[in-house]
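Report on one structure; see the data block that follows.
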Amino acid sequence: MSRFSKASLSGALVLAFATLAGGTALADGKYSGVGRPATRAEIHAWDIDVRPDFKGLRPGSGSVDQGQEVWEAKCASCHGSFGESNEVHTPLIGGTTKDDIKTGHVLSLVKGDAPQRSAIMKVATVSTLFDYINRAMPLTSPKSLTNDEVYGLVAYLLNLAEIVPADFVLTDKNIAEAQARMPNRNGMSTDHGMWPGAPASKGGIGNGGKPDVKNTACMSNCKTEVKVASLLPVYAETAHGNLAEQNRAVGPVRGKDTSGKAAAIAAAPAPLSENAAAAKLANDNGCMACHGVANKIVGPGYNEVVAKYKGQADAEAKLVAKVKAGGQGVWGAVPMPPQGHLKDGDIRSLVKWILSGAKAQ
């Protein structure tokens, strides 16, 4: 909101809705036939964004220890106990150094030698962490955290990245101190295209309205046929490790295997046992991103599934139908997407493997 106040933007939105609804704007700012003015409490509940200058931040506090307790209860299942897990989402913590904290520039981002970029390597402002956790986390119940729980979680993440000490208590009064130690605080720039106004180097927030690129079309040796596709160039495929292992399985979309293992197996396939073939099916199709063999990740562990359906004669048929159609509510609020892209035989093999104990060999 660098160029517009919240009040002017809200007014513009109200006017737009009034016009769409057939209402008429009156001189006193009210609208005929369109709702009622929002109460102060309603606006306060909606207006939760926190700016980089910490405007919008509400009073509160949370210690590293308090944040760790909340983290283990509500966050570790997706992000790991120390924010470094790569099973469900990419890592939040890792890749920064004490020198980065001193300079405000994450050196590995410049050198390109990090095996994978974590969130703390890229994010420049504490307000981004606070705002996102506050409005979107946990995944299964966004906006359910108290203000103090959010302060505690941010303090815990900052401690994991060695930005603040273990006895630190983050508050609305000292959050600027933490901002002054963010590893990538100086890594963001507005001296580039699509930002109006004077560049930051001259006291403004933009780049003078210059375009992102300057070039002239050569209009020679043009392709006669155009194929539209979304892909990564070969040299960039392994920049973040094996994409197939990092994508959370949602629907039929899977990350491309960039490890080179798939090509080697295709070149000289070895016969697999029934268990090994089923385990490969589970890994290749993203099942293991949400289910552990003996532990819950996002969905239940396979040991829990076996226990739930033990002794039921129709267990196999029930699970085959559930895997194919997807479902929600049996194991919690997070839905399991339908896996209709899998062949019926593959689904049945997976279910048999799960019910037999999900052994690797």
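The values are calculated or read from the model by the stated rules, or taken from the named source; none is laboratory data. As the structure is a computational prediction, the values presented were derived from the model and not from experiment. For neighbour counting, all protein chains shown are included, and Cβ atoms are generated from backbone atoms with ideal geometry for every residue, glycine included. For accessibility, only protein heavy atoms count, side chains too; no ligands or nucleic acids. Shrake-Rupley method; radii C 1.70, N 1.55, O 1.52, S 1.80 Å.
Test Ile93 against the criterion of being at pLDDT below 95, within 30 Å of Gly301 (Cα to Cα) and open to solvent by less than 30 Å² (accessible area, probe 1.4 Å), and give yes or no.
yes
Taking the conditions exactly as written (within 30 Å of His79 (Cα to Cα), at pLDDT below 95 and in a loop (DSSP other than H, G, I, E, B)), does Met188 satisfy them or not?
yes
Considering only residues of segment 311-355 that are polar (S, T, N, Q) and without any contact (Cβ under 8 Å) to a residue 40 or more places away in the chain, which is nearest to Asn295 (Cα to Cα)?
Applying the filter and picking the extreme gives Gln328.
So for segment 302-317 (the condition being within 19 Å of Ser77 (Cα to Cα) and open to solvent by 60 Å² or more (accessible area, probe 1.4 Å)), does at least one residue qualify?
Yes, segment 302-317 contains a residue that is within 19 Å of Ser77 (Cα to Cα) and open to solvent by 60 Å² or more (accessible area, probe 1.4 Å).
Given the conditions (1) within 27 Å of Ala244 (Cβ to Cβ); (2) modelled with pLDDT of 95 or more, and given that Val154 satisfies all but one, which numbered condition is not satisfied?
Of (1) within 27 Å of Ala244 (Cβ to Cβ); (2) modelled with pLDDT of 95 or more, only one is false for Val154: (1).
Any idea which residue in segment 148-185 is surrounded by the fewest Cβ atoms within 10 Å (Cβ to Cβ), counting only those that are hydroxyl-bearing (Ser, Thr, Tyr) and either more than 20 Å from Lys74 (Cα to Cα) or in contact with a Leu (Cβ under 7 Å, 6 or more places away or on another chain) (or both)?
The extreme case among them is Thr171.
Return the residue satisfying two criteria in turn: it lies in segment 203-241 and is among the basic types (Lys, Arg) and modelled with pLDDT of 70 or more, and of such residues it is nearest to Glu87 (Cα to Cα).
Once the filter is applied, the top-ranked residue is Lys227.
In segment 111-123, is there at least one residue being more than 14 Å from Leu157 (Cα to Cα) and touching a Pro at 6+ places or on another chain (Cβ under 8 Å)?
yes
Need the failing condition index for Ser141 against (1) outside the structural domain of Ala76 (by TED's automatic domain parsing); (2) under 23 Å from Gly56 (Cβ atoms); (3) among the hydroxyl-bearing types (Ser, Thr, Tyr), just the number.
So Ser141 meets the others, but not (1).
Kindly provide the set of residues from segment 56-96 that are in contact (Cβ under 8 Å) with a residue 40 or more places away in the chain, closer than 17 Å to Ile120 by Cβ and of a type in the set (Ser, Thr, Tyr), ordered by number.
If the condition is that a residue be in contact (Cβ under 8 Å) with a residue 40 or more places away in the chain, closer than 17 Å to Ile120 by Cβ and of a type in the set (Ser, Thr, Tyr), then Thr90, Thr96 are the ones that fit.
Could you check segment 129-141 and list, in sequence order, the residues that are surrounded by fewer than 16 Cβ atoms within 10 Å (Cβ to Cβ) and either closer than 25 Å to Ala178 by Cα or in contact with a Leu (Cβ under 7 Å, 6 or more places away or on another chain) (or both)?
Passing the criteria: Tyr132, Arg135, Ala136.
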